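J.: Below is one structure. I have some questions about it.
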Amino acid sequence: MGTFARTAQPVRSPWGLVQVATETAPGIWFVSTASHGGFIISSQRRAAMPERLRRFPTFCGDPLAFEEDMDCLAVVAAWPEHFTAEQVETARHVIAADPYFADAREG
């Protein structure tokens with residue numbers, strides 16, 4: 001899958017100024033703001049995502065920002081090695097079944 005470069009801690013996000021940022025893996029940050037949060041990934045990570053997940057349009061419209069309610073499951077599915085078995089199973093199940101993820105399915 002390759003080696004990914006570390007990225008600077010985000011200070012801004014589509015949801016506002018970042019109050020807390022946790023690096024999940026190089027190029028993957030989970031951020032929280034006063035109102036919302038989610039994953040912010042690097043351009044390198046985005047390019048390495050499976051094509052079916054790159055097709056998925058993020059809720060906020062920023063292809064590097066995956067909000068915490070649903071979009072975040074695409075990040076979990078793309079890099080399951082960085083998440084718990086329960087998180088991975090949830091991501092796979094929801095992506096396979098929920099109409100929200102129709103663009104992210106095989107086919």
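The values are calculated or read from the model by the stated rules, or taken from the named source; none is laboratory data. What you see is a predicted model; the values in this text were computed from it and never measured. When we count neighbours, we look across all protein chains shown, and the Cβ atoms used for this are built from the backbone with ideal geometry, even at glycine.
J.: Being aliphatic (A, V, I, L, M), surrounded by 15 or more Cβ atoms within 10 Å (Cβ to Cβ) and part of a helix (DSSP H, G or I) is the requirement here; does residue 74 meet it? Write out each step before concluding.
T.: Values: aliphatic (A, V, I, L, M): yes; surrounded by 15 or more Cβ atoms within 10 Å (Cβ to Cβ): yes; part of a helix (DSSP H, G or I): yes.
Considered against the rule, which asks whether it is aliphatic (A, V, I, L, M), surrounded by 15 or more Cβ atoms within 10 Å (Cβ to Cβ) and part of a helix (DSSP H, G or I), residue 74 comes out as yes.
J.: Separate question: Go through the range 21-55 and give me each residue that's of a type outside the set (Lys, Arg), part of a helix (DSSP H, G or I) and in contact with a Phe, Trp or Tyr (Cβ under 7 Å, 6 or more places away or on another chain).
T.: 44
J.: Let me ask something else about it. Can you tell which of 21, 5, 47 is closer than 22 Å to residue 105 by Cα and not hydroxyl-bearing (Ser, Thr, Tyr)? Give the steps one after another, and end with the answer.
T.: Details: 21 fails: closer than 22 Å to residue 105 by Cα; 5 fails: closer than 22 Å to residue 105 by Cα.
Matching residue, one of 21, 5, 47: 47.
J.: Between residues in the range 75-88 that are over 17 Å from residue 26 (Cα atoms) and residues that are at pLDDT 95 or above, which pairs lie under 7 Å by C-beta distance while being six or more apart or on different chains?
T.: As it stands, the answer is 87/76; 88/76; 88/80, since those pairs meet every condition given.
J.: Still on this structure, please answer the following. So which of 94, 20 ends up being of a type in the set (A, V, I, L, M), in contact with a Ser or Thr (Cβ under 6 Å, 6 or more places away or on another chain) and surrounded by fewer than 19 Cβ atoms within 10 Å (Cβ to Cβ)? Don't jump to the end; show me each part of the working.
T.: Values: 94 fails: in contact with a Ser or Thr (Cβ under 6 Å, 6 or more places away or on another chain).
Exactly one residue qualifies, and that residue is 20.
J.: I need the full set of residues from the range 39-71 which are of a type in the set (Lys, Arg) and in contact with a Gly (Cβ under 6 Å, 6 or more places away or on another chain), in order please. Quick ask: steps written out before the conclusion?
T.: Filtering the range 39-71 down to residues of a type in the set (Lys, Arg) leaves 45-46, 52, 54-55.
Within the range 39-71, just 45 meets the criteria.
J.: For residues in the range 81-91 being aliphatic (A, V, I, L, M) and within 16 Å of residue 69 (Cα to Cα), which is surrounded by the fewest Cβ atoms within 10 Å (Cβ to Cβ)?
T.: Step one: of the range 81-91, the residues aliphatic (A, V, I, L, M) are 85, 88, 91.
When the remaining residues are screened for being within 16 Å of residue 69 (Cα to Cα), the result is 88, 91.
Values: 88: 17, 91: 20.
Within the range 81-91, the match that is surrounded by the fewest Cβ atoms within 10 Å (Cβ to Cβ) is 88.
J.: Applying the selection to the range 38-81, what residues are farther than 15 Å from residue 2 by Cβ and among the small types (Gly, Ala, Ser)?
T.: Of everything in the range 38-81, those that are farther than 15 Å from residue 2 by Cβ and among the small types (Gly, Ala, Ser) turn out to be 38, 61, 65, 74, 77.
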